[in-house]
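Heads up: the structure comes next, in structure tokens.
The values are calculated or read from the model by the stated rules, or taken from the named source; none is laboratory data. Since this is a predicted model, take the numbers as computed values, not measurements. Note: ideal-geometry Cβ built from the backbone for every residue, glycine included; neighbour counts use all protein chains shown. With ligands, DNA and RNA removed, areas are computed over all heavy atoms of the protein, side chains included. Shrake-Rupley method; radii C 1.70, N 1.55, O 1.52, S 1.80 Å.
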Amino acid sequence: LFHSACASSLPSYALGSVLRQVAYWPVGKENGCFLGCKWSPDGSLLLASHQDRWTRLFPLPQDLQRGVTRLLHELVPTLTVCHGQSLYDFCWHPEGSLFKFATCSKDHPVQLWRAQEGSVCSCYLTYHHHHKHTLLSPHSLAFSRDGGQLHCGLHSCLKTFRTSRPGVTGEMRRIHRGGSGGSEFGIVSCIAVSPAHQDLLALGSFSRNVVVCSSSMQETAVHLKAKGGGVTHMLFSPTGTLLYTGSRKVMPQQSHTQIP
């Protein structure tokens, strides 16, 4: 779901051409607005982050899982996780039976959580290459299609960890605007993984830069400048031939790019 859709606390189903509210969560003033929400791979859980630095896990009511939409349901969180600082991003592990998700927040390592227990099972750390004791916090996260890799977006860099190997060991690669000889890319604000190509990534930045490249960063397929402000969300179409982008300070519209 894009940020504009997540700003509302009223998840809905699409019924033909009409959106009808079928579930809600009563947000209090102390919670602030929704910053984002993402479905688990099997569609049974909704993970949401809020302005109050808490992440909440909502199970989809059984009636809705069976397709019964006559009643209005109140969503009740079964798990709440407090983050010490502002949450930058979160994403589900693609293996649905694991029920794990990763989070990144200011001045904290990337953490992999067990959704059913609310416990941390792994941490992934990145330190400044000159100041060895300075922890760098990614601004964006994405798992590879098979879940074997975890991509972390930093300032003009992408660090990729093997999910099975927590700690500091990972592959760090520089990102340049318009190829290896271009200027700095900026903060990697969002990452999209192609559903059709195992090795294809799209990287967006708050500087409005977008590149589509291989996960090894050896080849850049597309470089473009997004409309509006900084890029905050991206999504490939199911066939992998279109890339949809969402930006700051822009009127709601459909913006997409054809992938060669």
* Leaving ligands, DNA and RNA out of it, work out the accessible area of residue 248 with a 1.4 Å probe and give it in Å² to the nearest 10. => 120 Å²
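Going from most exposed to least, what order do 234, 172 have by accessible area with a 1.4 Å probe? All intermediate terms of the calculation are to be shown ahead of the outcome.
Details: 234 25, 172 85 Å².
The ranking, largest first, comes out as 172, 234.
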* Two-decimal ratio, segment 98-248, of alpha-carbon radius of gyration to 2.2 N^0.38 Å -> 1.01
* Quick one: Kirkwood hydrodynamic radius for segment 87-169, alpha-carbon pairs, angstrom, one decimal? -> 12.8 Å
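Within 9 Å, Cβ to Cβ, of residue 157, how many net charges do the neighbouring residues add up to if Lys/Arg are +1 and Asp/Glu are -1?
Working: positive: 159, 173, 174; negative: none.
Around residue 157, the surrounding residues sum to +3.
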* Mind checking the log10 I(q)/I(0) for segment 41-90 at q = 0.15, 0.32 Å⁻¹? Debye, one equal scatterer per Cα, no solvent, two decimals. -> -0.48, -1.22
* To do: Return the subset of 132/225; 132/249; 38/159; 159/225 for which the Cα-Cα distance in this structure is over 29 Å, preserving the input order.
  => 132/225; 132/249
* Structure fact -> Amide H contacts under 5 Å for residue 52, restricted to residues at least 5 apart in sequence or on another chain and with H modeled in the peptide plane, are none
* Structure fact -> Heavy-atom accessible area with a 1.4 angstrom probe orders 146, 89, most exposed first, as 146, 89
* Distances over 18 Å make up what percent of all Cα-Cα pairs in segment 44-150? -> 54 percent
